[in-house]
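Structure, as structure tokens:
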Amino acid sequence: MRNTLALVLTFAAASPALAASGPFFSLKNTDFVVLLAFLLFLGVLVYFKVPKMIGGALDNRAEGIKSELDEARALREEAQTLLASYERKQMEVKEQAKGIVAAAKEDAVAAAEQAKVDLQASIARRLAAAQDQIASAEASAIKEVRDRAVTIAVEAAGEVLAKQMTAAEANKLIDAAIGDVDSKLH
């Protein structure tokens with residue numbers, strides 16, 4: 001209340017009403033009437049405790065703003081924590097991806113080396129099989145040539161013998177062959 005009274009006196013002392021000519025404390029002086037209305041208005045405001053209500057409203061608003069700021073700080077800290085967590089997870093995922101790529105490269109190199117070894121083994125097996133087939137075909141060809149040579153030699157010998165041999169000699173050879181067979185069988 002003292003502050004309000006001091007405020008009113010300050011306004012009254014600095015008012016242009018003091019500079020006006022004529023009696024100041026007259027209802028015909030508009031400056032005096034305005035001063036009285038102003039003082040009455042201030043009295044009504046003080047009587048209804050408007051300054052206290054305005055101060056309370058301002059205090060409530062200040063506390064609301066303070067609580068909103070505290071909540072914003074908490075949300076900011078939570079967001080920073082989440083951001084750090086996601087960045088950490090992102091780095092872990094990048095490291096895992098690098099590890100997977102490196103393992104895949106190593107597996108690919110190992111698979112390529114194994115494929116080379118398998119291919120060389122397959123080529124060696126096919127080469128050996130081809131050499132076996134060639135050797136078998138060669139042996140078969142040699143056997144056929146020998147058999148054919150024997151057949152031709154027997155036929156040629158038969159023809160030569162048939163031309164040179166007489167019936168008596170043929171009978172002797174037949175008897176000798178029968179004797180050989182008889183002695184070998186018994």
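The values are calculated or read from the model by the stated rules, or taken from the named source; none is laboratory data. Keep in mind that this is a model prediction, so the values were computed, not measured. All Cβ positions, glycine included, derive from the backbone under ideal geometry; neighbour counts span all protein chains shown.
Brief remarks follow.
- Filtered by the rule that a residue be part of a helix (DSSP H, G or I) and either surrounded by fewer than 10 Cβ atoms within 10 Å (Cβ to Cβ) or in contact with a helix residue (DSSP H, G or I) (Cβ under 6 Å, 6 or more places away or on another chain) (or both), the range 150-174 gives 162, 163, 164, 167, 168.
- Checking 182, 107, 132, 147 one by one, the residue that is charged (D, E, K, R) and surrounded by fewer than 10 Cβ atoms within 10 Å (Cβ to Cβ) is 182 and no other.
- Just one of the listed residues (77, 138, 144) is part of a helix (DSSP H, G or I) and modelled with pLDDT of 95 or more, namely 77.
- Every condition in (1) modelled with pLDDT of 95 or more; (2) of a type in the set (A, V, I, L, M, F, W, C); (3) exposed (fewer than 11 other Cβ atoms within 10 Å of the Cβ) is met by residue 25 except one, and the failing one is (1).
- Of all residue pairs spaced 6 or more apart or on separate chains, those with beta-carbon atoms under 7 Å, a first member in the range 34-60 that is surrounded by 10 or more Cβ atoms within 10 Å (Cβ to Cβ) and a second member that is not in a helix (DSSP H, G or I) and not β-branched (Val, Ile, Thr) are 35/15; 46/1.
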